[in-house]
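The values are calculated or read from the model by the stated rules, or taken from the named source; none is laboratory data. In this text the structure is predicted, and so the values were computed from the model without any measurement. We place every Cβ from the backbone using ideal geometry, glycine too, and count neighbours over all the protein chains shown.
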Amino acid sequence: MNPVEIGDAISDLAQQPFDAAEFPFQFLEAFGNKKTAIDRLRKGNTNQSDIPGAVLQRSHIHIATCQPGSVGDTLTALRGSPKTTSQKARFILATDGDRFEAEDVTTGETVVCDYPDFANHFGFFLPLAGITTVAQIRESSFDIRATGRLNKLYVTLLQDNPEWAAADRRSDMNHFMARLIFCFFAEDTDIFHSGYKFTETVTRMTSGGVDNTHEVIQELFRAMNTPIADRTAAGIKTWANGFPYVNGQLFSGNIDVPRFSRTARGYLIHIGNLDWTKINPDIFGSMIQAVADDEERGALGMHYTSVPNILKVLNPLFLDDLRKHLEEAGDNARKLLNLRSRMAKIRVFDPACGSGNFLVIAYKEMRAIEAEINRRRGEPDRRSEIPLTNFRGIELRDFPAEIARLALIIAEYQCDVLYRGQKEALAEFLPLDSQNWITCGNALRLDWLSICPPTGTGVKVRGDDLFNTPLDQSEIDFENAGGETYICGNPPYLGSKWQTSEQKADLEQIFSRHTASWKSLDYVAGWFAKAADYGTNTPTVSAFVSTNSICQGVQVPILWPVIFATGHRIVFAHTSFRWANLASHNAGVTVAIIAIARDETDRGATIYSIGEHGETTAKSAERICAYLVPGDGIEIKPARRSISGCAYMDLGNMPKDGGNLLLSFNEAVEMTAADPNAGKFIFDFVGSQEFVKGIVRNCLWIEDHEVEEARRSERISLRLDGVRQMRLSSDAESTRAFADRSHRFKQIQGRGKSSTIVVPKVTSERRAYLPVGLLSSHSIVSDNAFALYDAPLWNMAIVASRVHWVWVSTVCGQLETRIRYSNTLGWHTFPLPKLTEQNKADLTACAENILLARETHFPATIADLYNPETMPENLRRAHEENDETLERIYIGRRFKNDTERLEKLFELYTRMTGKGKAA
Ligand SMILES: C[S@@+](CC[C@H](N)C(=O)[O-])C[C@H]1O[C@@H](n2cnc3c(N)ncnc32)[C@H](O)[C@@H]1O
């Protein structure tokens, strides 16, 4: 279950009459426990409680219902219960149906409330459903519940009005939802005068069982679009007449309203009765946008970007600098005034803004700084000088674009209330300003300079309809020409394999004149190129969250020369980290934050990374190279031989045999049973899958001088004929040329006479180490793995090390979420200090220990052994020792983290090759 579904289930439970005996089971069910698990608890099989009538679910919760008035004592009993401790219950919960008390035993945090209010605290208990990552969700209970309910309304309305689901009416539906959300917010925040509540009016005017909900809402919208002076002429009904004139063109244009069934009306009233003052526009927008998205609806906004992650972009981009100046200004009135004037001219532009969360947070943070300036200057009530129109965005989809505008309007109102008071906020809120500052369109096709002009265009255009504005109307004059521009956001990432033909065409028109290899680029690369283009016209700093793949492997030499050629450099970067979200499986992606600006900007360069204990560390560098390590102009080029004196790594062997040279385990057994002489020619055949998953496969391996002997076996002979036939029928001449040499693989790279070290071509990035193994002389490596034939065993210790993992994942890049290994790019380039004989002996011992540790778990496969959740302790220790031994050779101690590993490797690489300049 996702948090929205849990929120709904808990709300339902809170509204039911309290049933003391059933409550513990109902509560657990609402958090997604299966019926079978509940039944077992009910029967006592898994109920570990030592308190009569209570229910204890191991590792989760100890719940007791009790007599009226004894909630406090019962919670004390639960806390003192030996079983709470021994069964590692995370929560204890007591209720009598009147009061509700609970505690998180690990943090000591408590919830104490009236019974029906516990639904408001469902976020507190989300770890029960395995959702632990984002503490912020606890503060977003309202947004989650509102999203869940709006989603139900949306789906019901589409069912009731199928014509509204058609592509040409979707935007009407989206406008309608945006208007509703505004009304809910406005009625709870007194933007609508008391006595003129939207939900109440709809409820009252539609209570007669008449099917007129749509007419009532339509009339209310009409009123909100009619200036008071024109109301009589417009014939606005008296019951709607008290609603204010909202303008902002929010209610103009097509104000059709879909028809409401009884269910839809019920949902509407239910939603209206939520407390909309609690809406948090930085989160709500991202969640709600999923409602209008057929593909996203299942996840209901659970992929939203958390505020701390957005601040990882905005703080170093410009907010830290503003705060620094605020601190430096102290109480100096003139300096404070200068800072305020500077802020009034700052433009923030997000060219993939979704529902505007980066813009909203930038706005709110700037308002906080401005409020502090005003406080210090003794002008606390002063109207904000930060225009909302300075927060600009482009968004492809119309619903998020609308929600972005709404989120900014709400943010402005909430900031006014917070810093200036409700009275001032209300006095200036309506009518809304109709200027358009979010453009709906394709950011890779639009001219960013005209959407976010660095100087005024001299044309001041007002939209006829805030929600239906042609693109050229975004050319609003900035009253603040000449200020700073910061570009930010989290544009879409899509590997080349996943791009649509339109998206490919977007990239082509941007990159094809610079590079023929643009097809390998991720879609996000287009935003960097557009930002660089914008930055060549006007000073700006652009920082995007991006898939880290653009700073790895093949994309580096394609994208970055294009960006650097415009005079841009990387001015700060946040090295790879997991971009977690609220989705219950919390898959997340690995991202980096990269900021670019032209050389002339006088910023230093800073690399941020996540430290050992999860803290963010910042490090200054003279330059940052495209791999996001200190350095300049570094480009890792494939090498034919190891630059460090390691063994030569080759590919495995390609049979091109139509399957005739390959045998399953059973076929091999049958063949040797039928003809014992055949056994000599049967070898283990090992590719990535066989090695990692422990799949046994075999192949025929016949040297040229053995053909006659091999053909004496009838089964082998038949198979060789099969190879011949297959090769003869091939379209490729090179394959046909091998028909007469049917006893051998078409491409033979090598065979270890004594042993072979095997390295799969791709591996899951979840594994902390690259899977590498040692094969006997009776093994053939297939062409989907790499091999070190007859190499000294210390080479295996190198492949198995964390430093090598870090190098390969950066330099070779990734294939979706898998690391793509390369012999020429990852192994031959790998920089190692010069190894002494003693170093080699030590590393050999480490490799042996890894192999021995694996042996103790026979027949576990490599996949089992290297599962990060279940990796055996002795194997982990063997790897730790290997890392310790190797890292001491580099720097005399263990590296602190992967960032330090990478920096050392790049420094060594540039020293060894003389290419580029490391820091
Ligand atoms: C990763 S989301 C980020 C949105 C928002 N900042 C957030 O965190 O939820 C990327 C956004 O880019 C939008 N988008 C995708 N392709 C686009 C394009 N070509 N032009 C403009 N926006 C686009 C998507 O609709 C989506 O809202």
key: segment 368-385: number of residues that are more than 17 Å from ALA329 (Cβ to Cβ) and crowded, with 20+ Cβ neighbours inside 10 Å   = 1
key: Near pairs, Cβ below 6 angstrom, 6+ apart or cross-chain, from segment 353-377 (over 30 Å from ASN442 (Cα atoms) and of a type outside the set (D, E, K, R)) to any residue that is more than 15 Å from the ligand (Cβ to nearest atom) and outside any helix (DSSP H, G or I)   = ASN374/PRO380; ASN374/ARG382
key: Within segment 125-147, tally of residues that are in contact with a Gly (Cβ under 7 Å, 6 or more places away or on another chain), at pLDDT 80 or above and not polar (S, T, N, Q)   = 1
ask   = For segment 879-919, which residues satisfy the criterion of being out of contact with any strand residue (DSSP E or B) (no Cβ under 8 Å at 6 or more places or on another chain), outside any helix (DSSP H, G or I) and either more than 27 Å from PRO557 (Cβ to Cβ) or of a type in the set (D, E, K, R) (or both)?
value = GLY892, ARG893, ARG894, LYS896, LYS915
query = Say we look at segment 495-544 and pick out the residues that are within 14 Å of the ligand (Cβ to nearest atom) and surrounded by fewer than 17 Cβ atoms within 10 Å (Cβ to Cβ); which of these is farthest from the chain's Cα centre (by Cα)?
reply = GLN509
request  = Could you grab me the full set of residues in segment 354-368 that are more than 14 Å from the ligand (Cβ to nearest atom) and touching a Cys at 6+ places or on another chain (Cβ under 7 Å)?
outcome  = LYS364, ARG367
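Could you tell me which of the residues ASN897, ASN874 is over 29 Å from ILE607 (Cα atoms) and not aromatic (Phe, Trp, Tyr)?
From the options ASN897, ASN874, the qualifying one is ASN874.
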message = Return the residues of segment 790-827 that are crowded, with 20+ Cβ neighbours inside 10 Å, of a type outside the set (A, V, I, L, M) and farther than 29 Å from TYR493 by Cβ; say none if nothing qualifies.
response = TRP794, ASN795, SER801
Criterion violated by ASP294 - all others in (1) part of a loop (DSSP other than H, G, I, E, B); (2) modelled with pLDDT of 90 or more satisfied = (2)
message = Looking for something surrounded by fewer than 13 Cβ atoms within 10 Å (Cβ to Cβ), over 30 Å from THR861 (Cα atoms) and hydroxyl-bearing (Ser, Thr, Tyr) - is there at least one such residue anywhere in segment 723-742?
response = yes
note = Apart from one, (1) free of Cβ contacts under 8 Å to residues at least 60 places away in the same chain; (2) touching a Lys or Arg at 6+ places or on another chain (Cβ under 6 Å) all hold for ALA234; the odd one out is (2)
request  = Residues being of a type in the set (Ser, Thr, Tyr) and within 19 Å of ALA102 (Cα to Cα): count how many of those fall in segment 6-48.
outcome  = 1
task = Say whether the condition of being touching a Gly at 6+ places or on another chain (Cβ under 8 Å) and either modelled with pLDDT of 90 or more or not small (Gly, Ala, Ser) (or both) is met by at least one residue in segment 25-45.
result = no
ask   = Just to be sure, is LEU851 surrounded by fewer than 23 Cβ atoms within 10 Å (Cβ to Cβ) and not in a helix (DSSP H, G or I)?
value = no
query = Are any residues in segment 15-42 of a type in the set (D, E, K, R) and in a loop (DSSP other than H, G, I, E, B), and if so, which ones?
reply = ASP19, GLU22, LYS34
task = Can you tell me which residue within segment 324-353, out of those that are outside any helix (DSSP H, G or I) and charged (D, E, K, R), is farthest from the ligand (Cβ to nearest atom)?
result = ASP331
note = Log entry, pairs with first residue in segment 80-108 being at positive phi, second being of a type in the set (S, T, N, Q), beta carbons closer than 9 Å, six or more apart or on different chains, reads LYS88/SER59; GLY97/THR65
request  = Output the number of the condition that TYR115 fails; it satisfies all remaining conditions of (1) at pLDDT 85 or above; (2) crowded, with 22+ Cβ neighbours inside 10 Å; (3) aromatic (Phe, Trp, Tyr).
outcome  = (2)
query = Taking segment 400-445 as the region of interest, how many residues are of a type in the set (Val, Ile, Thr), within 14 Å of the ligand (Cβ to nearest atom) and farther than 17 Å from GLN249 by Cα?
reply = 0
message = Cβ-Cβ distance below 8 Å, separation of 6 or more or different chains: which pairs start in segment 645-660 with a residue that is surrounded by fewer than 20 Cβ atoms within 10 Å (Cβ to Cβ) and end on one that is basic (Lys, Arg) and assigned to a loop (DSSP other than H, G, I, E, B)?
response = GLY645/LYS834; TYR648/ARG641; MET654/LYS746; LYS656/LYS746
ask   = What is the number of the single condition among (1) closer than 18 Å to SER542 by Cβ; (2) away from the ligand (no atom under 13 Å from the Cβ); (3) modelled with pLDDT under 95 that ILE451 does not meet?
value = (2)
request  = Determine which member of the set ALA531, ALA505 is part of a helix (DSSP H, G or I), within 15 Å of PRO561 (Cα to Cα) and at pLDDT 95 or above.
outcome  = ALA531
